[in-house]
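K.L.:
Can you read through this structure? Questions will come right after.
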Amino acid sequence: MATKTNLHPRNLHNEGYDFARLIAALPELGPFTGLNPAGQTTIDFRDVAAVRMLNRALLKADYGIDFWDIPPNYLCPPIPGRVDYIHHLADLLARSNNNEIPRGPQIKALDIGTGASLVYPLTGQSAYGWQFTGVDIDPVAIKSAQQIAKANALDVDLRLQENREDIFDGVIHPDDRFHVTLCNPPFHASMERATKGTQRKWANLGKGRSGKLNFGGQNAELWCPGGEIRFIASMVDQSRAIAGQCLWFTSLVSKKDNVQTLYKILKKAKVANCDVVEMTQGQKTSRFIAWTFVKKDQRASFMKGSAR
């Protein structure tokens, strides 16, 4: 069992994958495993079917998810990195909660682009008991997410965003109130760049060239015109309309070079506060940017208020 360093201290995957335990929880994972040159059990992470089976085993063994499946060619997210985002969001909210990690369904989270996998609501409900609302522009993704939620008797409010240019308008109701939003935005500016990015990743790992994305992904999940800068800039602009309905807006930022540009965008939006939180997983560093329009002396009362 390989050790993974630098994950969040509360991350269940800090010690790597215990394949014996995962196979015991989901025997179907067994045929996809083998030994690496160091003699450790692993899977071929270039194999889409193997990655999906690993996710299924992780979700069952660690998060109590008995049924999980996604349509072919949809994004299959790496669980340890995704749940790290959730844990760091809990720390962010704790700053306004007397430094106590907020737990329970009174904490409302909005997952923008929840996807077919429903990964954030699944792990976030298991870890902290938060109440999730998930929105997506893809009807197929929403249907898949609904099936996962129903099969596991989970209460997740799923909403279809019918206008691709809107992020909040049309899916956020006047009486909605959220403590935090989260988003894994499409970060490439084109499908061509997404493909080249994958090829560079495999080359850097010494795996040679690969024409496919090992974690899959539909166009809307991988790229949009202008890439993540334009997407997050649009989110910042549109967040002003619901400034009083959400405590913290957040989004992953894949490229460190984009952070300074986003800081300038947030300054123009006259937010009360913004911050960048870095996360590490092995040799990889990722980050999310967070902003709020709620003044510091009002955040504790927002946390204590009855979210609707």
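The values are calculated or read from the model by the stated rules, or taken from the named source; none is laboratory data. As the structure is a prediction and not an experimental result, all values here were calculated from the model. Cβ sites come from the backbone with ideal geometry, for glycine too, and all protein chains shown count toward neighbours. Just the protein is used for accessible areas: all its heavy atoms, side chains included, with ligands, DNA and RNA removed. Shrake-Rupley method; radii C 1.70, N 1.55, O 1.52, S 1.80 Å.
K.L.:
Relative contact order of the range 59-178, please, whole-number percent, based on alpha carbon pairs below 8 angstrom and at least 6 residues apart.
P.N.:
RCO, the range 59-178: 25 percent.
K.L.:
Taking the Cα centre of the range 33-94 as the origin, how large is its charge dipole in debye, to the nearest 20, when only Lys and Arg (+1) and Asp and Glu (-1) carry charge on their Cβ atoms?
P.N.:
Taking the Cα centre of the range 33-94 as origin, the dipole is about 120 debye.
K.L.:
Can you sort PHE19, PHE67 by solvent-accessible area, 1.4 Å probe, largest first?
P.N.:
Ranking PHE19, PHE67 by accessible area, largest first, yields PHE67, PHE19.
K.L.:
Mean projection of the alpha-carbon convex hull of the range 67-122 over all orientations, in nm²?
P.N.:
4.7
K.L.:
Restricting things to alpha carbons, find the Rg to Rh ratio for the range 1-90 using the Kirkwood radius for Rh.
P.N.:
Radius of gyration over Kirkwood radius for the range 1-90 works out to 0.95.
K.L.:
Compute the orientation-averaged projected area for the range 26-177 from the convex hull of its Cα atoms and round it to one decimal in nm².
P.N.:
Details: hull surface 43.6 nm².
Average of the hull's projected areas for the range 26-177 equals 10.9 nm².
K.L.:
Ignoring ligands, DNA and RNA, what percent of the accessible area of the range 31-74 is carbon or sulfur (1.4 Å)?
P.N.:
C and S fraction of accessible area: 52 percent.
K.L.:
Evaluate the relative contact order of the range 1-60 (contact order divided by residue number), counting alpha-carbon pairs under 8 angstrom at least 6 apart; express in whole percent.
P.N.:
Reported relative contact order: 27 percent.
K.L.:
Just to be sure I understand the curve: with the Debye formula and one point per C-alpha of the range 109-158, what is log10 I(q)/I(0) at q = 0.20, 0.22, 0.31, 0.32 Å⁻¹?
P.N.:
One equal scatterer on each Cα of the range 109-158 leads to -0.54, -0.66, -1.28, -1.35.
K.L.:
Starting from the amide H of ARG159, placed 1.01 Å from N in the peptide plane, find each other amide H under 5 Å away whose residue is 5 or more places distant or on another chain.
P.N.:
GLY134, VAL135, ASP136
K.L.:
Taking K and R as +1 and D and E as -1, what net charge do the other residues with C-beta under 15 Å from the C-beta of ASP66 add up to?
P.N.:
0
K.L.:
Could you tell me which residue out of SER96, PRO31, TYR74 lies farthest along the dipole of the range 28-98 toward its positive end? Charges go on the beta carbon: Lys and Arg +1, Asp and Glu -1, centred on the Cα centre.
P.N.:
Farthest towards the positive end: SER96.
K.L.:
Further question: Accessible area of ARG299, 1.4 Å probe, to the nearest 10 Å²?
P.N.:
20
K.L.:
Taking the alpha-carbon centroid of each part, what is the distance from the range 2-77 to the range 239-308 in angstrom?
P.N.:
So the separation of the two Cα centres works out to 31 Å.
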